[in-house]
Amino acid sequence: MRPILEVKDLSFGYSAEKLLYKNFSLTLNVGEIKAVVGESGSGKSTLFEIILGNLKPLHGEVTSSRIAQVFQDPYTSFHPTYSVVNQIQDVADLGKLAYYLDEMGLERDLLDKKPHELSGGQLQRCSIVRALLMKPDLLLLDEPTSALDNVIQLDVMKLLLKHLDKTAMLLITHELDLAHWCADEIVEIGK
């Protein structure tokens, strides 16, 4: 079986003198979740940018299947002047929308609002719904539960884990308890 994500011998730095990664490798298969942890500025979000093709490595190779991303700050991933539902239907099939809204504890009428009319937690759950509706092979999750209270955090992570039969997940988190609870492997960056 071909991996969903393969990072081989990756080297990257914003300057040649200070590399964030040197010969870094990572493989992710369907059904796996790996947590990326490290200090602020260690290169966790930069790794996602490289995987998405937004940054070019100095050396190495990244191959991946269809990707969806959930950003830490949902307000940066939604355009402020369009309704949330318009921004979801632009990228995804709405076939299972009602199911995911129910799973996330969201009312359908919230989607007709603009992003600034929702709380950070509501918008983050909409962001997760959008990502799941895209039917990705790989979900990149950058602190996906940081805007949520503890009870909703747990419910959201349980919902995400239900989809591991179809996807692989790479999770950036500062919460080591969460990483130990859900991840098959913890990848520490910056050590």
Of all the helices (runs of 4 or more DSSP H) wholly in the stretch 83-191, which have at least 2 residues that are within 12 Å of the chain's Cα centre (by Cα)?
-> 120-133, 150-162
Among what's in the stretch 51-80 and is in contact with a Gly (Cβ under 9 Å, 6 or more places away or on another chain) and not hydroxyl-bearing (S, T, Y), pick the residue that is nearest to L118 (Cα to Cα).
-> P74
Would a scan of the stretch 71-80 turn up a residue that is closer than 24 Å to S11 by Cβ and in contact (Cβ under 8 Å) with a residue 12 or more places away in the chain?
-> no
Examine the stretch 34-42 for a residue that is in a strand (DSSP E or B) and on the phi > 0 side of the Ramachandran plot, and state whether such a residue exists.
-> no
Note down all Cβ pairs under 7 Å where the first residue falls in the stretch 5-18 and is farther than 11 Å from G43 by Cβ, the second is among the aromatic types (F, W, Y) and part of a strand (DSSP E or B), and they're at least six residues apart or on different chains.
-> V7/F24; S11/Y21
For the stretch 50-82 the number of residues that are over 20 Å from the mean Cα position of the chain (by Cα) and loosely packed, with under 12 Cβ neighbours inside 10 Å is 3
Failed condition for P144, given (1) surrounded by fewer than 20 Cβ atoms within 10 Å (Cβ to Cβ); (2) under 26 Å from Y21 (Cα atoms); (3) at pLDDT below 90 = (1)
Selection count, the stretch 7-33, where residues are exposed (fewer than 13 other Cβ atoms within 10 Å of the Cβ) and either not charged (D, E, K, R) or not in a strand (DSSP E or B) (or both) | 6
So how many residues does the stretch 37-49 have that are surrounded by 14 or more Cβ atoms within 10 Å (Cβ to Cβ), over 11 Å from the mean Cα position of the chain (by Cα) and either modelled with pLDDT of 95 or more or polar (S, T, N, Q) (or both)?
-> 2
The lone condition I128 fails out of (1) in contact (Cβ under 8 Å) with a residue 60 or more places away in the chain; (2) touching a Pro at 6+ places or on another chain (Cβ under 8 Å) is (1)
Residue check for I88: touching a strand residue (DSSP E or B) at 6+ places or on another chain (Cβ under 6 Å) and either of a type outside the set (G, A, S) or outside the structural domain of C182 (by TED's automatic domain parsing) (or both) | no
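The values are calculated or read from the model by the stated rules, or taken from the named source; none is laboratory data. Since we're looking at a predicted model, the values are computed, not measured. Please note: Cβ atoms are built from the backbone with ideal geometry, for glycine as well, and neighbour counts cover all protein chains shown.
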